[in-house]
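Right, one structure below, let's go through it.
The values are calculated or read from the model by the stated rules, or taken from the named source; none is laboratory data. Everything quoted here is computed from the prediction, not taken from an experiment. Cβ sites come from the backbone with ideal geometry, for glycine too, and all protein chains shown count toward neighbours. Surface accessibility is based on the protein's heavy atoms, side chains included, excluding ligands, DNA and RNA. Shrake-Rupley method; radii C 1.70, N 1.55, O 1.52, S 1.80 Å.
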Amino acid sequence: MTNSLKIGVAGLGTVGVEVARLLAEKGPLLAARSGRPVELVGVSARDRNKDRGIDLSNATWFDDALALARDPSIDVFVELIGGEDGIALASVTEALGARKHVITANKALLARHGNELAQSAEDNMVSLGFEAAVAGGIPIIKTIRESLAANCVTRVFGILNGTCNYILTRMEKEDLSFEAVLKDAQNLGYAEADPTFDIGGHDTAHKLAILTSLAFGTRINSDSIYVEGIEAVATADIKAADNLGYRIKLLGVAVATDSGIEQRVHPTLVEKSSQIAQIDGVTNAVVIDGDIVGEILLAGPGAGGSATASAILGDVADIAAGTIRTPLGRPAAELKQYQNARMRAHEGGYFIRLNVYDRPGAFAAIASRMAEQDISLEHILQHQDDQDVVSGRQSVTLVTHETLEENVRMALAAIREDGHIDNQPQMIRIER
Ligand code: HSE
């Protein structure tokens, strides 16, 4: 009989409890598929006496996650503590150094320290599994790293934060303001009490940093990501986009350009007919453009106990089967230096919404500022019925052909300077 693979879980929140429960329930299936029994032998969390609704009496309790990480009784350390530094970093570092395999759902930790942790896993000849860190239950890590190994990826993008997609979907479907939906989401327990990390785009950025490295073979670089959240998206933007055949999504996009890699997180117009536009509510989706395979879209639950535990147990099965991969798809020492493309050099279409003073010459002046910057307009849409606009103003939406971000910013600065608009111009990028 093969020795069982012995698991220690640090962090017993929703995900940790689900992992513990499923290790018992799915143990026989995992053993059948991987060829080796798996068992939970150790757990660690803050409060030993809390009722978590499962029987953990067969697992040894550790008050200290570091002690669990180095304990000789475990083969695999599952880190579900969270946070980019502190005990999460210390315990994962400790476990790898003690030649334990590590599985983590911690995107912040990997975005910040992923290069060094991958190196340490390689040096110690153990696995560092992180399928659960990006898009929850969607098997995006294995897909890029393993299934698409022969492809050169030219672009990867996706809806990587369920909270933001939920808010944008309800704003669109129910004609509600950002503030109203956010409040409702918090009351329903969907959004964190402090939702800044989600709605500000930072959670998406952490996940994007990991995808970028896998897709382009570069060192993880989370400092160079351009990040805009969804706080400034208005229902007027969603309606105007709808009239023009688009939906608005918060996307994380990584794309190879002639001047380097763009990593950007921002509200984005996507064509209503595109696959990504169909993704509603808390669902996540990732699109990969591969040179051999073409375009692939994977969609599914991006968060929650079951989806995250599903990804973690997939990593457990790999380790049980004896598979050890270079965590970032190639040896950490051979990852390319990340070369950042400046956001001002971004080329694409732009959606621009302006509140224009209703007076002679205003439109002509705006059009001429656009022409000065060589910006060609695809659509101009005037909204007669925009209730958000006070009398004496016209709400106008412009959609540009492909143009340079630098030029759009210069044109908008000049339009503001001219005094024909009474708001901060809204500018949303289009992804085609
Ligand atoms: N807070 C994230 C979301 C899930 O709303 O999608 C965890 O990454």
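Tell me, please, whether a residue that is part of a loop (DSSP other than H, G, I, E, B), buried (at least 24 other Cβ atoms within 10 Å of the Cβ) and away from the ligand (no atom under 16 Å from the Cβ) can be found in region 72-92. Scanning region 72-92, I find at least one residue that is part of a loop (DSSP other than H, G, I, E, B), buried (at least 24 other Cβ atoms within 10 Å of the Cβ) and away from the ligand (no atom under 16 Å from the Cβ), so the answer is yes. Quick one: is Leu12 crowded, with 17+ Cβ neighbours inside 10 Å, in a loop (DSSP other than H, G, I, E, B) and on the phi < 0 side of the Ramachandran plot? The answer is yes for Leu12.
If you go through region 269-293 and keep only what is open to solvent by less than 30 Å² (accessible area, probe 1.4 Å) and not β-branched (Val, Ile, Thr), you end up with Leu269, Ala277, Gly281, Asn284, Ala285, Asp289, Gly290.
Counting only strands (runs of 3 or more DSSP E) wholly contained in region 339-409, no element carries 1 or more residues that are open to solvent by 60 Å² or more (accessible area, probe 1.4 Å), under 30 Å from Gly217 (Cβ atoms) and touching a Phe, Trp or Tyr at 6+ places or on another chain (Cβ under 8 Å).
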